[in-house]
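A.B. asks: Quick one: the structure is below, and I'll ask about it shortly.
The values are calculated or read from the model by the stated rules, or taken from the named source; none is laboratory data. Predicted model, so just to flag it, every value in this text is computed and none were measured. Cβ atoms come from the backbone with ideal geometry, glycine included; neighbour counts cover every protein chain shown. What goes into the accessible areas is simple: the full protein's heavy atoms, side chains included, and nothing from ligands, DNA or RNA. Shrake-Rupley method; radii C 1.70, N 1.55, O 1.52, S 1.80 Å.
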Amino acid sequence: MSSEVGTDWLSRPKVTPALSRAVHDRDGHRRPDAQLSLGQDPDTQVLLVTEDYLVPVGEPDGAPTLQFRRGDTVGSDPADWAYLGTHDGVRYALARAGRDLHADQWLSLREIGAEVSDLDAGLLVEAVGLAQWHDRSKHCPMCGALTELRDAGWVRHCPVDSTDIFPRTDPAMIVLVHDGADRCVLGRQSVWPTDRFSVLAGFVEPGESAEQAVLREVFEEVRISVTDIQYVTSQPWPLPQSLMLGFTARADGDQRLHVDQVELVEAEWFTRAELRDPDRTRPKLPPPVSIAYQLITNWLGAAPATATRT
Ligand SMILES: [Zn+2]
């Protein structure tokens, strides 16, 4: 993945987030009547997803590549499967499977999401998101009855009260707070590896806009106020069902950070030079599969802007 960035980092991403590269057609209008019989269809390419959301991966050309199976080799129709869409005339689906089936490797979205092709990335993130939803919606939220999978894996139906349950996505915001000049705020959660820092993030609450969530989360986590909140880009994060909405926001760099010790255990202002230093041991930055990496890379790639605070 390219790390090329321009000078207009505040308003536009120069690199598409790793998990936002989908190129296939989701073909949603065919879901309600899809007569896909996985166990008999040699023309459908099936991605197996294990109970812990690993997928089969090979490395034919040195880069990780999803290993699909022909529909007629996955055995009788699996109970949990879903139609993912089409690309270049090929139909794709997911099916649940155990790790006992042969594969070169079973790997996770975190491990390969930034390295697979655009086509694989789109299918992978959709498959993992749907598999997560299948696992979390086995029971009707109204009456608790077991639900039935319908519409090619895109609806769970309650046979008792006829409730239809659709896949859900939870909005979360993630924000690079900068001082309008050469510093940005990075924080560390207690569960992260030592010296791993990232930008601030949190879920959008009911009745709240994404921008309000930025203001609230930044204040809750480091007790500073921000202005000039700008939307940058978004990325699905289906672990289990988030959509990360990426922002930048500006804070007066004279404000001291007070870490809440609940969500974060450390937070600091870092300069571009500190983050660009290849010999640094601290901070370690988030991996390329994350939108946080994208926000930080965009900010680092720009020439230090003139301070605009008034
Ligand atoms: Zn029900």
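A.B. asks: Does LEU84 satisfy being assigned to a strand (DSSP E or B), in contact with a Gly (Cβ under 8 Å, 6 or more places away or on another chain) and away from the ligand (no atom under 16 Å from the Cβ)?
C.D. replies: no
A.B. asks: Ok, one more. Residues ALA152, ALA121, ALA114: which one is open to solvent by 20 Å² or more (accessible area, probe 1.4 Å), more than 16 Å from the ligand (Cβ to nearest atom) and hydrophobic (A, V, I, L, M, F, W, C)? Please lay out each step first, then the result.
C.D. replies: Working: ALA152 fails: open to solvent by 20 Å² or more (accessible area, probe 1.4 Å); ALA121 fails: open to solvent by 20 Å² or more (accessible area, probe 1.4 Å).
Testing whether each residue is open to solvent by 20 Å² or more (accessible area, probe 1.4 Å), more than 16 Å from the ligand (Cβ to nearest atom) and hydrophobic (A, V, I, L, M, F, W, C) leaves just ALA114.
A.B. asks: Can you give me the ranges of the strands (runs of 3 or more DSSP E) entirely in the stretch 218-310 with at least 2 residues that are over 30 Å from ALA22 (Cβ atoms)? Spell out how you get there, then give the answer.
C.D. replies: Details: elements: 227-237, 242-250, 266-271.
Where strands (runs of 3 or more DSSP E) fall fully within the stretch 218-310 and carry at least 2 residues being over 30 Å from ALA22 (Cβ atoms), they are 227-237, 266-271.
A.B. asks: Identify, from the list LEU107, LEU130, LEU101, the residue that is away from the ligand (no atom under 16 Å from the Cβ) and within 23 Å of ASP27 (Cα to Cα).
C.D. replies: LEU130
A.B. asks: Need pairs with beta-carbon distance below 6 Å; first residue touching a residue at least 60 places away in the same chain (Cβ under 8 Å) and within 12 Å of THR163 (Cβ to Cβ) and within the stretch 132-152, second within 8 Å of the ligand (Cβ to nearest atom) and open to solvent by less than 50 Å² (accessible area, probe 1.4 Å); sequence gap 6+ or separate chains.
C.D. replies: none
Each row is one residue, and each column tells you yes or no for (1) under 30 Å from GLU268 (Cα atoms); (2) open to solvent by less than 70 Å² (accessible area, probe 1.4 Å).
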residue: SER162; (1), (2): no, no
residue: PHE166; (1), (2): no, no
residue: LEU176; (1), (2): yes, yes
residue: ALA181; (1), (2): yes, yes
residue: PRO193; (1), (2): yes, no
residue: PRO206; (1), (2): yes, no
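A.B. asks: Cβ-Cβ under 9 Å, sequence separation 6+ or interchain: first residue in the stretch 216-238 and in contact (Cβ under 8 Å) with a residue 60 or more places away in the chain and farther than 16 Å from SER290 by Cα, partner open to solvent by less than 10 Å² (accessible area, probe 1.4 Å) and part of a strand (DSSP E or B). Which pairs?
C.D. replies: Qualifying pairs under 9 Å: GLN230/PHE247; GLN230/THR248; GLN230/ALA249.
A.B. asks: Pairs needed: first member in the stretch 22-47, within 15 Å of LEU94 (Cα to Cα) and in a loop (DSSP other than H, G, I, E, B); second member anywhere, modelled with pLDDT of 85 or more and of a type in the set (S, T, N, Q); C-beta distance under 8 Å; at least 6 residues apart or different chains.
C.D. replies: HIS24/THR86; ASP27/THR86; LEU36/THR44
Let's see how each residue does on (1) at pLDDT 95 or above; (2) open to solvent by 40 Å² or more (accessible area, probe 1.4 Å):
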| residue | (1), (2) |
| --- | --- |
| ALA213 | yes, no |
| VAL218 | yes, no |
| VAL222 | yes, no |
| ASP228 | yes, yes |
| VAL232 | no, no |
| LEU245 | yes, no |
| GLN261 | no, yes |
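A.B. asks: Assess whether PRO236 counts as being modelled with pLDDT under 95 and under 30 Å from ASP135 (Cα atoms).
C.D. replies: No; evaluated as a whole, the condition is false for this residue.
A.B. asks: I would also like to ask the following. Kindly indicate which of ALA131, ALA95, ALA82 is modelled with pLDDT of 95 or more and buried (at least 19 other Cβ atoms within 10 Å of the Cβ).
C.D. replies: ALA131
A.B. asks: Any residue in the stretch 193-208 that is closer than 15 Å to VAL259 by Cβ sitting within a Cβ distance under 9 Å of a residue that is among the polar types (S, T, N, Q) and open to solvent by less than 30 Å² (accessible area, probe 1.4 Å)? List the pairs, counting only those 6 or more apart or interchain.
C.D. replies: From residues that are closer than 15 Å to VAL259 by Cβ, the pairs are SER198/SER290.
A.B. asks: For the stretch 135-149, how many residues are within 13 Å of the ligand (Cβ to nearest atom), out of contact with any Cys (no Cβ under 6 Å at 6 or more places or on another chain) and closer than 27 Å to THR50 by Cβ?
C.D. replies: To start, the set of residues in the stretch 135-149 that are within 13 Å of the ligand (Cβ to nearest atom) comprises 137-148.
With out of contact with any Cys (no Cβ under 6 Å at 6 or more places or on another chain) added as a condition, the list becomes 137-139, 141-144, 146, 148.
Next cut, closer than 27 Å to THR50 by Cβ only: 137-139, 141, 144, 146, 148.
Of the residues in the stretch 135-149, 7 are within 13 Å of the ligand (Cβ to nearest atom), out of contact with any Cys (no Cβ under 6 Å at 6 or more places or on another chain) and closer than 27 Å to THR50 by Cβ.
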